[in-house]
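*Asks:* Got a structure for you, questions after.
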Amino acid sequence: MDWETALDIVKDPLTLKRACSNYAEKYGYKSNEVERGLEAYAAHLFAQEEGFNAVLDGAPTADADLQESICRANDLGIDVVLQDDVGKRLILVQAAWRKKDLEEDKVASFFDSPDRLKSAEYRAQGGEQIQELLSEFEYQLKDGWEISLRFVTNARIGMNDRLLDLVDSKNARYEERDQAITCELFGESELIRHDQEMRAATTGGITEEVDLTFQAGKFMTFDVPYRTIVGAIKANELVNLYRRRGVGNTLFNLNIRLPLTSKRVNPAIADTAVSETEGEHFFYYNNGVSAVCSKFTLVDNTVHAKRFQIINGAQTVSALVKAFRRTQKQDVYVLFRLTETVESYGGVFTENIIRYNNTQNPVKVSDFFANDPIQQWLRDHLGALSGKGPVPTFYYVYKSGWHPKGATGKGIRIEQAAAIRHAFTHGPVPGYREPQQFFDRAGLYWEAFGSKDAETDSWSDEEVAQFGAALSINERLVAVVKELKANDATKDLPETKYLLRLSRYALGLVGVGLETIRAETFNDYSTLIASTTTFEKYVDPIVKSVRRVMRAEWARRQSAGTEVRPEYNFARDLAGWFEQSELVRQEALSDVLPDVR
């Protein structure tokens, strides 16, 4: 079976059905069980989005195995769960394949699901898989995670005003509650568009040529140091451009790709745009839209731009598209700026424009760091570790979509590398509490990527070897979880359920144990990873010790009866981390060191 066909750009219902049939078979169902296939199709489609693509482990989406994210028996009405730990975002999906009209009450019930899911008692009614996937849901709500509720169907919903009104009303309710929850409805055409957008995003797609008309006498141009035009354009210009076939969110793909549109769209933008009294004031209330292009020409008041991208104002454009769905307003104007960057795609100047135009976004998207000397050095040098001794075969994904020619094995994304190295060298608690700080230069960026916590443009051989050791230990812990799950005698043990979620915690403790014995045993990390035999001699006893210490702490927390989900607080408890670290040190000195000398 050619699974790549499953994510071909969908052009008609038969193709969507064929894609869903392929995905049904991929996950062990019959080809005619298309609703099961639609669940998997949606999982593989949305898993390509920035942040959520960590679940792909660097593999093409059609090749990945997402069965742990696709819910099955007793799923409480949630078919797919995808999580972005760094961006603190969650996607929940329900899929429905229909030959007739889609039931409004089914859609409404799904969009109301957070009110039910925040109850631990309600989640306990679900199967083991959905309980595990949503074990931290109430905490995530309290922490302000962005939650996207996506109902997907093969039905056509674009002209169903009742369904569209339902989506609007549910979003308005969450806005009134000041909850970061967004309801989205994907019918056949919406899935087609999203598929196209994701393909464009992962291949660096941009809008090649664009014509926009400025209001006569209401614009000005600058020639140095970069050609720029600033002025007023009608909102319809941007709405029509967005709706143009094959465009949509490809307008926003440059560098940071789709995350610019992941935030909640402020309903006040849409309300103002269609207001009878305030529509004409939109130009003054809104911050406007900024775009870049490789070259533009201006004839009279019409600009023709090549390789065009909007780099600030995605919310404004999205809100206008939404507002003008039924009401076309001719007196709504937008402040618009277009800069000619010369760069054909991305580049330092373009990335700086994006960065400084989006300073309100607290999550520093990792792609902004791709041009750092240290990231380019790691891109060029970490590959020397791949497949050597105990180190798994891998390649370093220093920016979205990067895949070096001929590289094999797992793609280790920049976010994963930051979390793994920081947990091993500094402990895991900050990474669980505030993972976005890895991509804040005033936060943990240089602790994760620096040399002795200081800014650098390269690592020493020993620092590279230390990262190789951390990566190998992390893979070893993941393998332990797989072994536990595969064994009927251990598959239901508490450790089987919490160890993967707490793997970076365990990695940090292994790092503590290795540092305790290093001077009297393997001496340096280059020696430790020189051979699998040496690695296993010193690492395996520490791993066993760490698992023993964590099992005891887990049992203590459960017996105390004061925590609903012990692993959530386990990972974020700094005082507890120091206690566990000291226990590992003691075991390393008294039990491990005498045996491995």
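*Asks:* Please enumerate the residues belonging to segment 108-146 that are more than 20 Å from Asn74 (Cβ to Cβ) and over 25 Å from the mean Cα position of the chain (by Cα).
*Replies:* Matches in segment 108-146: Ala108 only.
*Asks:* So, of the residues in segment 418-446 that are crowded, with 18+ Cβ neighbours inside 10 Å and aromatic (Phe, Trp, Tyr), which turns out to be modelled with the lowest pLDDT?
*Replies:* Phe439
*Asks:* Ok, one more. How do the pairs read when you match residues in segment 418-438 that are assigned by TED's automatic domain parsing to the domain that holds Leu471 and farther than 16 Å from Leu382 by Cβ with residues anywhere that are charged (D, E, K, R) and part of a loop (DSSP other than H, G, I, E, B), using Cβ under 6 Å and keeping only pairs 6 or more apart or on different chains?
*Replies:* That search, which allows pairs on different chains as well, returns Pro435/Asp85.
*Asks:* Do you know which residues across segment 273-296 are surrounded by fewer than 20 Cβ atoms within 10 Å (Cβ to Cβ) and touching a Gly at 6+ places or on another chain (Cβ under 8 Å)?
*Replies:* The answer is Asn287, Gly288.
*Asks:* If we scan segment 384-401, do we find a residue that is part of a helix (DSSP H, G or I) and surrounded by fewer than 17 Cβ atoms within 10 Å (Cβ to Cβ)?
*Replies:* yes
*Asks:* Would you check if there is a residue in segment 467-487 being surrounded by fewer than 22 Cβ atoms within 10 Å (Cβ to Cβ), assigned by TED's automatic domain parsing to the domain that holds Gln416 and over 20 Å from Pro392 (Cβ atoms)?
*Replies:* yes
*Asks:* Looking only at segment 496-538, count how many residues are part of a helix (DSSP H, G or I) and aliphatic (A, V, I, L, M).
*Replies:* So the count comes out to 8.
*Asks:* Still on this structure, I have one more. Only one residue in Gln131, Gln125, Gln140 is free of Cβ contacts under 8 Å to residues at least 12 places away in the same chain and among the polar types (S, T, N, Q), so which one is that?
*Replies:* Result of the check over Gln131, Gln125, Gln140: Gln131.
*Asks:* Here is a further query. Out of Arg36, Arg89, I need the residue that is in contact with a strand residue (DSSP E or B) (Cβ under 9 Å, 6 or more places away or on another chain) and over 30 Å from Leu502 (Cα atoms). Which one? It would help to see each step written out before you state the result.
*Replies:* Working: Arg89 fails: over 30 Å from Leu502 (Cα atoms).
Every option except Arg36 fails the conditions.
*Asks:* Being surrounded by fewer than 18 Cβ atoms within 10 Å (Cβ to Cβ), closer than 19 Å to His422 by Cβ and within 29 Å of the chain's Cα centre (by Cα) narrows it down to one residue among Leu509, Leu574; which is it?
*Replies:* From the options Leu509, Leu574, the qualifying one is Leu574.
*Asks:* So if I check each of Lys410, Lys399, which one is more than 20 Å from Ser458 (Cα to Cα), among the basic types (Lys, Arg) and in contact (Cβ under 8 Å) with a residue 24 or more places away in the chain? Break it down stepwise before answering.
*Replies:* Working: Lys399 fails: more than 20 Å from Ser458 (Cα to Cα).
So the residue among Lys410, Lys399 that is more than 20 Å from Ser458 (Cα to Cα), among the basic types (Lys, Arg) and in contact (Cβ under 8 Å) with a residue 24 or more places away in the chain is Lys410.
*Asks:* Here is a follow-up. What residue, among those in segment 330-345 that are buried (at least 20 other Cβ atoms within 10 Å of the Cβ) and not in a strand (DSSP E or B), is modelled with the highest pLDDT?
*Replies:* Across segment 330-345, the extreme among qualifying residues is Val332.
*Asks:* Can you confirm whether segment 453-461 contains a residue that is in a strand (DSSP E or B) and either assigned by TED's automatic domain parsing to the domain that holds Gln376 or out of contact with any strand residue (DSSP E or B) (no Cβ under 7 Å at 6 or more places or on another chain) (or both)? Don't jump to the end; show me each part of the working.
*Replies:* Taking segment 453-461 first, the residues in a strand (DSSP E or B) are 454.
Retained after the next criterion (residues that are either assigned by TED's automatic domain parsing to the domain that holds Gln376 or out of contact with any strand residue (DSSP E or B) (no Cβ under 7 Å at 6 or more places or on another chain) (or both)): 454.
Yes: one or more hits.
*Asks:* How many residues are surrounded by 24 or more Cβ atoms within 10 Å (Cβ to Cβ) and part of a loop (DSSP other than H, G, I, E, B) if we restrict to segment 15-47?
*Replies:* Residues flagged as surrounded by 24 or more Cβ atoms within 10 Å (Cβ to Cβ) and part of a loop (DSSP other than H, G, I, E, B) within segment 15-47 amount to 0.
*Asks:* So which of Ala62, Ala47 is more than 30 Å from Val429 (Cβ to Cβ) and of a type in the set (A, V, I, L, M, F, W, C)?
*Replies:* The unique qualifying residue is Ala62.
The values are calculated or read from the model by the stated rules, or taken from the named source; none is laboratory data. Remember, predicted model here, so these are calculated numbers, not experimental data. Glycine gets a Cβ as well: all are built from the backbone with ideal geometry, and neighbour counts include every protein chain shown.
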